[in-house]
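**Student:** Quick one: the structure is below, and I'll ask about it shortly.
The values are calculated or read from the model by the stated rules, or taken from the named source; none is laboratory data. Fair warning: this is a prediction, and the values are worked out from it, not measured in the lab. Note that we place each Cβ from the backbone using ideal geometry, even for glycine, and neighbour counts take in every protein chain shown.
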Amino acid sequence: MSKVLWCEVCQKEVQPRIILKDEMYKYKGETIEVNAKVATCPICGTELPDDELDGAIMEEVQRIYMDRMDLTFEDIRNIRAEYGLSMELFAKILGWGKATVVRYEGGKVPSSSHISILKRLKEKPEELENYYHLNRDKFSEKEQVKIEKAFKNMDSEVIERTLIDVLKRHYNNHEQTIDAGFNSFSVDKVIQMILFFSESGVNKTVLLKYLFYSDFLYFKRSLISMSGLSYLKYKHGPVPLKYDLLLNTLQETGYIEIDEEDNEDFIRITIKSNDEFDEELFDSSELEVLQKVKEFFKGYGSGKISEFSHEEDGWKYTELNKIISYDYAERLQLD
Ligand SMILES: [Zn+2]
């Protein structure tokens, strides 16, 4: 049995009829239109107040408002979580009460001035440090140590994100063309491929060929590359586009170690992973290709693998320093 509501006009209890109606609300200075469920009297058509429906409308208005402000409640919770700070310290840095943070994280819409602060922190987390420096003397020594440690962790995360973003920008212009094997560049996959091959240390030249063979073999089998990387013809064989930027970024961000051994006649560069390979990003056919490449070239030094790659049509028929088209994958020496 559905509920009944009191109609003032008809002076009796009625079973409301629910209609949909576009309504305008004023909320924190914004005009918000909601397609609202409204209870009406089935006899006279008068709108009837209904707490439950009103509550739902209010929630919808707040959701639309936050949407318009480009801030979600999840964002609000994430902001503090990213610093790893307690509600108390986070609030104190901003000069807010702890209760305020509790309310916002619990789903209460912040005031408009607080919304702009939270939005700024979402975009530039490092700005919290400015607030902290303004209020620094309000904190005990113990608190200062805690907060500064949190910022330090934060800084290295920001640097890592920035470096990875730079890397992405360098590759994105080839996205989804034959030059990138019709795939979008996936920095996460490239990182994992490198970790896979450098687990126990690998010669740099060899690693660069491993990447080429992984992407081209996968393309030969599936008509799409694995990582979205493009490869150039270099003297010593195919190499990923901007491979030095790639490897240096991964060294800066701590994924790998680049070890240079300087002899009289040559420099031996070894890449060694600092992180465990995570196979989650790959499906079984991709893992099979990675495994196959590793097995196939077992015991190959940089000279032998370079020579082998010089037999590839893709290498032979591409101009020096130009991108090797994935069209050549069809004729790869590996199956
Ligand atoms: Zn009525």
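**Student:** For the stretch 117-147, how many residues meet the condition of being polar (S, T, N, Q), free of Cβ contacts under 8 Å to residues at least 40 places away in the same chain, assigned to a helix (DSSP H, G or I) and farther than 24 Å from residue 75 by Cα?
**Tutor:** 1
**Student:** Residues to consider are 255, 243, 213, 231; find the one that is hydroxyl-bearing (Ser, Thr, Tyr) and in contact with a Gly (Cβ under 9 Å, 6 or more places away or on another chain).
**Tutor:** None of the others qualify; the one that does is 231.
**Student:** I would also like to ask the following. Only one of these conditions is not met by residue 239: (1) modelled with pLDDT of 95 or more; (2) more than 18 Å from residue 305 (Cβ to Cβ). Which number is it?
**Tutor:** Going through the list (1) modelled with pLDDT of 95 or more; (2) more than 18 Å from residue 305 (Cβ to Cβ), residue 239 breaks only (2).
**Student:** Taking the conditions exactly as written (modelled with pLDDT of 90 or more and hydroxyl-bearing (Ser, Thr, Tyr)), does residue 46 satisfy them or not?
**Tutor:** So residue 46 passes the test.
**Student:** Can you tell me which of (1) on the phi < 0 side of the Ramachandran plot; (2) in contact (Cβ under 8 Å) with a residue 40 or more places away in the chain; (3) more than 16 Å from the ligand (Cβ to nearest atom) is the one residue 70 doesn't meet?
**Tutor:** For residue 70, the exception is condition (1).
**Student:** Take the residues in the stretch 179-198 that are at pLDDT 95 or above and more than 23 Å from the chain's Cα centre (by Cα), then tell me which one is surrounded by the fewest Cβ atoms within 10 Å (Cβ to Cβ).
**Tutor:** Among those that are at pLDDT 95 or above and more than 23 Å from the chain's Cα centre (by Cα), it is 197.
Per-residue answers, yes or no, for (1) of a type in the set (S, T, N, Q); (2) more than 25 Å from residue 200 (Cβ to Cβ); (3) in a helix (DSSP H, G or I):
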{"site": "229", "(1), (2), (3)": "no, no, no"}
{"site": "251", "(1), (2), (3)": "yes, no, yes"}
{"site": "260", "(1), (2), (3)": "no, no, no"}
{"site": "270", "(1), (2), (3)": "yes, no, no"}
{"site": "294", "(1), (2), (3)": "no, no, yes"}
{"site": "303", "(1), (2), (3)": "no, no, yes"}
{"site": "307", "(1), (2), (3)": "no, no, yes"}
{"site": "314", "(1), (2), (3)": "no, yes, yes"}
{"site": "318", "(1), (2), (3)": "yes, yes, no"}
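**Student:** So, one more: Being under 39 Å from the mean Cα position of the chain (by Cα), more than 16 Å from the ligand (Cβ to nearest atom), surrounded by 12 or more Cβ atoms within 10 Å (Cβ to Cβ) and at pLDDT below 95 is true for just one of 23, 33, 52. Which residue is that?
**Tutor:** Matching residue, one of 23, 33, 52: 23.
**Student:** Output the residues belonging to the stretch 213-236 that are in contact with an Asp or Glu (Cβ under 9 Å, 6 or more places away or on another chain), within 21 Å of residue 310 (Cβ to Cβ), of a type outside the set (Ser, Thr, Tyr) and in contact (Cβ under 8 Å) with a residue 60 or more places away in the chain.
**Tutor:** 216, 217, 219, 220, 233
**Student:** Check 43, 64 and return the single one that is surrounded by fewer than 17 Cβ atoms within 10 Å (Cβ to Cβ), within 14 Å of the ligand (Cβ to nearest atom) and not hydroxyl-bearing (Ser, Thr, Tyr).
**Tutor:** 43
**Student:** To continue, here is another question. Looking at the stretch 271-285, I want the residues that are more than 21 Å from residue 243 (Cα to Cα) and of a type in the set (Ser, Thr, Tyr) and have a partner that is surrounded by 11 or more Cβ atoms within 10 Å (Cβ to Cβ) and at pLDDT 95 or above with Cβ atoms under 9 Å, at least 6 apart or on another chain. Which pairs are those?
**Tutor:** Hits for this filter: 285/218; 285/221; 285/222.
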